[in-house]
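The values are calculated or read from the model by the stated rules, or taken from the named source; none is laboratory data. The shown structure was predicted, so the numbers you read here are calculated from the model rather than taken from an experiment. Neighbour counts are summed over all protein chains in view; Cβ atoms, including those assigned to glycine, are modelled from backbone coordinates with ideal geometry.
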C-alpha cells in the first residue's frame with residue numbers, strides 16, 4: 001500500500017495525500033506532515049522520502065527540549081541493571097561451580113570489576129550509534145547529540161564518557177544540570193553535548 005501523508009494547511013490537517021498528489025502541491029521544507037503511522041507531525045525537510053521527492057536540504061535545528069535529571073537518572077539506573085545483571089549472574093555461577101574458595105573469590109571479584117569498564121564501552125558505542133542512546137535512554141525516549149542536535153561521532157562519545165570522571169570527582173558535575181537552561185552536566189559542557197528528548201515527552 002502506498003504511503004499517504006496528512007499536510008497541515010492554515011493550522012488544520014488535510015488529506016491524506018499520495019506522494020504523486022504532494023508532488024503537484026507547493027510543499028515547503030517547513031510544512032508539517034505525517035503518515036497515519038507517525039506519532040507526531042514533522043517538517044518536510046525532516047522526512048527522508050520527502051527530502052528526496054522535493055530535493056530539500058535537511059536543516060540543522062538547535063534542540064529545544066532537554067532531558068531532566070530524573071529522566072537521565074532513571075535511564076542510568078536501567079543501564080546499570082542491563083549491564084550489571086549479566087555479570088552478577090556470571091559471578092554467582094562462579095561462586096557455585098568453583099570449589100576452591102580463593103579461586104572463587106578472585107574470579108567472582110574480577111567478573112564484578114568488569115561491570116564499570118563494560119558500562120563505559122557500552123555508553124560510548126550506543127551514544128554514537130544511529131539510535132544515539134543506550135537502551136535505558138531509548139526506553140525514556142531521550143538521546144545524546146551535539147549542540148546543533150546532530151549525532152555525535154566516536155571521538156566525542158569517548159570524550160563525553162571519560163569526562164564523566166570529572167562530573168563525579170568534582171561532586172557538582174551532575175547537579176550542575178539544575179543550573180543551566182539546557183540541563184547539561186559538567187561532562188556535557190566539556191564535550192559540547194546535549195541530552196535531548198522528544199517534543200511530546
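Just to be sure I understand, how many residues within region 167-194 are outside any loop (DSSP other than H, G, I, E, B) and in contact with a helix residue (DSSP H, G or I) (Cβ under 6 Å, 6 or more places away or on another chain)?
Going through region 167-194 one residue at a time, the tally reaches 8.
Name the residues in region 115-132 that are surrounded by 15 or more Cβ atoms within 10 Å (Cβ to Cβ) and either touching a residue at least 24 places away in the same chain (Cβ under 8 Å) or not assigned by TED's automatic domain parsing to the domain that holds residue 95 (or both), would you?
Selection gives 115, 119, 120, 122, 123, 124, 127, 128.
Can you name the condition, by its number, that residue 33 falls short on among (1) surrounded by fewer than 17 Cβ atoms within 10 Å (Cβ to Cβ); (2) farther than 19 Å from residue 137 by Cβ?
Going through the list (1) surrounded by fewer than 17 Cβ atoms within 10 Å (Cβ to Cβ); (2) farther than 19 Å from residue 137 by Cβ, residue 33 breaks only (1).
For region 94-106: of the residues being surrounded by 13 or more Cβ atoms within 10 Å (Cβ to Cβ) and in contact with a helix residue (DSSP H, G or I) (Cβ under 9 Å, 6 or more places away or on another chain), which is farthest from residue 121 (Cα to Cα)? Write out each step before concluding.
Restricting attention to region 94-106, the residues satisfying the condition of being surrounded by 13 or more Cβ atoms within 10 Å (Cβ to Cβ) are 94-95, 98, 104-106.
Pick out the ones that are also in contact with a helix residue (DSSP H, G or I) (Cβ under 9 Å, 6 or more places away or on another chain) and you get 94-95, 98, 104-105.
On the way: 94: 24, 95: 26, 98: 29, 104: 26, 105: 25 Å.
Checked region 94-106; the qualifying residue farthest from residue 121 (Cα to Cα) is 98.
Considering each residue of region 17-58, count those that are in contact with a strand residue (DSSP E or B) (Cβ under 8 Å, 6 or more places away or on another chain) and closer than 25 Å to residue 197 by Cβ, and give that number.
Of the residues in region 17-58, 15 are in contact with a strand residue (DSSP E or B) (Cβ under 8 Å, 6 or more places away or on another chain) and closer than 25 Å to residue 197 by Cβ.
Can residue 112 be described as closer than 24 Å to residue 85 by Cα and modelled with pLDDT under 95?
Against the criterion (closer than 24 Å to residue 85 by Cα and modelled with pLDDT under 95), residue 112 qualifies.
For region 1-102, which fully contained helices (runs of 4 or more DSSP H) count at least 3 residues that are within 26 Å of residue 188 (Cβ to Cβ) and modelled with pLDDT of 90 or more? Walk me through how you get there before you give the answer.
Numbers: elements: 19-23, 48-54, 69-97.
Where helices (runs of 4 or more DSSP H) fall fully within region 1-102 and carry at least 3 residues being within 26 Å of residue 188 (Cβ to Cβ) and modelled with pLDDT of 90 or more, they are 69-97.
Name the residues in region 14-25 that are on the phi < 0 side of the Ramachandran plot and free of Cβ contacts under 8 Å to residues at least 24 places away in the same chain, would you?
Result: 14, 16, 17, 18, 20, 21, 24, 25.
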